[in-house]
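Just below is one structure, and these are the notes that go with it.
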Amino acid sequence: MAAATDFARNTSPHIENVQDDLKALKNDVGKLAQQVVNLASDKSNEAIRRAKKQIGETAGEATEAVREVRDTFADAVEESLSARPYTTLALAVGLGFILGAAWRR
């Protein structure tokens with residue numbers, strides 16, 4: 001019986017040390033998990049900022065391209081009206097008929 005009591009007395013400090021080490025490990029793992037979450041959040045926010053910037057730039061370029069097409073089309077219609085007014089009118093009527101027929105379906 002004395003041997004069991006001596007064993008318990010000798011292992012008790014070691015068990016407390018192991019328990020303390022486990023608590024410290026648990027705290028360290030918790031801190032590490034929070035750091036990983038923060039890092040992922042920072043990277044995600046940066047990726048979102050870059051995507052927004054790129055979308056804005058692309059939208060600006062697309063808007064400019066639409067303006068150029070619109071201006072070119074308007075110039076072409078004016079030139080066509082000046083050079084061939086009846087042909088332009090016939091094309092407009094034909095195009096209107098085709099779009100109207102497609103719209104009804």
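Just so you know, all these numbers are worked out from the coordinates, no wet-lab data involved. Note that the structure is predicted; figures quoted are calculated from it, not measured. Positions of Cβ are backbone-derived with ideal geometry, glycine not excepted, and every protein chain shown enters the neighbour counts.
Miscellaneous remarks
- For the chain, the pair-distance distribution built from all alpha carbon pairs, in bins 10 Å wide starting at 0, is 11, 13, 13, 11, 10, 9, 8, 7, 6, 5, 4, 2, 0 percent.
- Since only PHE97, THR87, VAL29 are under comparison, the one whose Cα sits farthest along the positive direction of the charge dipole of region 20-104, derived from C-beta charges on Lys, Arg, Asp and Glu, is VAL29.
- Our helix-only sum for the chain, with -39,500 (n - 2.57) per DSSP H run of n ≥ 4 divided by its residues, gives a mean residue ellipticity at 222 nm of -36500 deg cm²/dmol.
- Between the helical axis of 85-104 and the longest alpha-carbon principal axis of the chain there is an angle of about 50 degrees.
- A straight Cα-to-Cα reach below 25 Å connects LYS53 with the lysines LYS43, residues fewer than 8 places away in its own chain not being considered.
- The angle between the Cα long axis of helix 2-83 and the longest principal axis of the Cα atoms of the chain comes to about 10 degrees, rounded to the nearest 10.
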